[in-house]
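Visitor: Before I ask anything, here is the structure I am working with.
The values are calculated or read from the model by the stated rules, or taken from the named source; none is laboratory data. Just so you know, these numbers come straight off a predicted model, no measurement behind them. Cβ atoms come from the backbone with ideal geometry, glycine included; neighbour counts cover every protein chain shown.
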Amino acid sequence: MDKKQLETYINGKYNIKPDYMWADAPNHQVYRNKTNRKWFALVMDIPRCKLGLEGDENIDVLDIKCEKDMVFSLLDTEGYFPAYHMNKANWITVILGGSLSDDIIKSLLDMSYGLVENKKK
């Protein structure tokens with residue numbers, strides 16, 4: 001799944017468009033629950049080396065809120081990284097267009113949305 005497909009999925013399922021919050025990072029997209037404004041996904045383009053990978057070229061990544069128990073087990077699986085720029089106990093990072101299938105990314109997004117759905121503002 002690439003960045004555009006992700007945006008289409010989130011807009012189609014949740015009727016949510018991304019927020020672009022930072023002038024110095026115009027490609028970074030924040031997805032928030034409409035009711036409580038809690039973040040459930042963050043899309044960024046970052047250098048590969050920020051995830052411990054070789055190279056300095058930018059890649060698109062997705063930060064997703066995750067159940068604490070799942071974070072540690074997912075990090076033992078290929079394709080999952082400690083959250084970049086988010087709380088590493090509650091978030092994970094995946095590479096868009098990487099080794100994870102579209103169905104897995106959709107499932108992770110749905111879980112993340114569910115985790116913030118009933119939280120208070």
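Visitor: Name the one entry in Leu62, Leu42 that is surrounded by 16 or more Cβ atoms within 10 Å (Cβ to Cβ), at pLDDT 95 or above, of a type in the set (A, V, I, L, M, F, W, C) and under 17 Å from Asp103 (Cα atoms). Outline the logic, then answer.
Guide: Numbers: Leu42 fails: under 17 Å from Asp103 (Cα atoms).
The match here is Leu62.
Visitor: Under the condition of being in contact with a Phe, Trp or Tyr (Cβ under 8 Å, 6 or more places away or on another chain) and outside any strand (DSSP E or B), which residue from the range 28-64 is nearest to Glu117 (Cα to Cα)?
Guide: Here the answer is Asn33.
Visitor: Scan (1) at pLDDT below 90; (2) closer than 16 Å to Ala41 by Cα; (3) touching a Gly at 6+ places or on another chain (Cβ under 9 Å) for the single condition Gly79 breaks and write down its number.
Guide: (2)
Visitor: Cβ-Cβ under 7 Å, sequence separation 6+ or interchain: first residue in the range 50-67 and under 27 Å from Asp110 (Cβ atoms), partner among the basic types (Lys, Arg). Which pairs?
Guide: Taking only residues 6 or more apart or on different chains, the pairs are Ile59/Arg48; Asp60/Lys3.
Visitor: Separate question: Among the residues that make up the range 80-90, is at least one of them more than 14 Å from the chain's Cα centre (by Cα) and buried (at least 17 other Cβ atoms within 10 Å of the Cβ)?
Guide: No, every residue in the range 80-90 fails to be more than 14 Å from the chain's Cα centre (by Cα) and buried (at least 17 other Cβ atoms within 10 Å of the Cβ).
Visitor: Among the residues of the range 96-108, is there at least one that is more than 15 Å from the chain's Cα centre (by Cα), assigned to a helix (DSSP H, G or I) and loosely packed, with under 13 Cβ neighbours inside 10 Å?
Guide: The answer is no; no qualifying residue exists.
Visitor: Counting only residues that are touching a Lys or Arg at 6+ places or on another chain (Cβ under 6 Å) and either in a loop (DSSP other than H, G, I, E, B) or of a type in the set (S, T, N, Q) (or both), which one in the range 109-120 is nearest to Asp63 (Cα to Cα)?
Guide: First, the residues of the range 109-120 that are touching a Lys or Arg at 6+ places or on another chain (Cβ under 6 Å): 112, 115-116, 119.
Pick out the ones that are also either in a loop (DSSP other than H, G, I, E, B) or of a type in the set (S, T, N, Q) (or both) and you get 112, 119.
Details: Ser112: 10, Lys119: 19 Å.
Per the stated criteria, the residue is Ser112.
Visitor: Given the criteria acidic (Asp, Glu) and modelled with pLDDT of 95 or more, does Asp110 qualify? Talk me through it step by step, then tell me what you get.
Guide: Values: acidic (Asp, Glu): yes; modelled with pLDDT of 95 or more: yes.
When the stated conditions are applied, Asp110 passes them.
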